[in-house]
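The structure appears below as structure tokens.
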């Protein structure tokens, strides 16, 4: 164990989560990287972060399963004292209208994006609470611009799950503020990650939506990660319960 802050990133193996890890490692954080199934991507990321001076633990866990959340935090406790959390794991389900979407897809999305995120935050708060002898901490929940756009004809159940994350952020921030824990949310807009092909099944979505973005380009994972690292940092010490949109003006 070191005196470096310990950051847990759920869904950290790819996309925005991986970008957070790559920025955090050279900035002094040790890392616990959670992934669901892609071990190779997580281990490749871990090696890159170790080269930048971070101690890194990788943990496979399906956050829709409470027993996996428990096992994840057992690994966190072995790695050190948790000080920061990026609650990033999430899925969309295949793009579709609501009437054509199977119940199983809706349930899985809510189980991972909402219930899983809440369970992870609960365990993180238990470790960060100053009243229990721990140091204070910071949590950033990853929402989406879909929370306000609604995503009609694509995945409105996913948009609903991210609206829930924003509500949860506001409530939790007020609940734990006196204990020295800050909680904020980031709403990424269209970002160039694998989710469009791997999860939505709609790889053409990026080019279809690009003209709707005022900045006329797709965001990069590192741009979203910079906003997340800011909210984790002491530079944001008076910011809690906020929702920061990183969506190119959309």
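Among 75, 138, which is the only one that is in contact with a strand residue (DSSP E or B) (Cβ under 9 Å, 6 or more places away or on another chain), buried (at least 17 other Cβ atoms within 10 Å of the Cβ) and touching a residue at least 24 places away in the same chain (Cβ under 8 Å)?
One residue alone meets the criteria, 138.
Given the condition surrounded by 15 or more Cβ atoms within 10 Å (Cβ to Cβ), over 14 Å from the mean Cα position of the chain (by Cα) and at pLDDT 95 or above, answer yes or no: does some residue in the range 202-212 qualify?
Looking for residues that are surrounded by 15 or more Cβ atoms within 10 Å (Cβ to Cβ), over 14 Å from the mean Cα position of the chain (by Cα) and at pLDDT 95 or above, one finds none in the range 202-212, hence no.
Which residue pairs have Cβ atoms closer than 6 Å, lie 6 or more positions apart in sequence or on different chains, and pair a first residue in the range 81-100 that is free of Cβ contacts under 8 Å to residues at least 60 places away in the same chain with a second residue that is part of a loop (DSSP other than H, G, I, E, B)?
What qualifies is 97/153.
Which residues, taken from the range 46-72, are crowded, with 21+ Cβ neighbours inside 10 Å, over 16 Å from the mean Cα position of the chain (by Cα) and closer than 20 Å to residue 112 by Cβ?
Within the range 46-72, no residue meets the criteria.
When you check residue 214 against the structure, is it over 22 Å from residue 112 (Cβ atoms) and not in a helix (DSSP H, G or I), yes or no?
yes
Return the only residue of 143, 151, 96 being more than 20 Å from the chain's Cα centre (by Cα) and surrounded by 18 or more Cβ atoms within 10 Å (Cβ to Cβ).
96
The values are calculated or read from the model by the stated rules, or taken from the named source; none is laboratory data. Since this is a predicted model, take the numbers as computed values, not measurements. We place every Cβ from the backbone using ideal geometry, glycine too, and count neighbours over all the protein chains shown.
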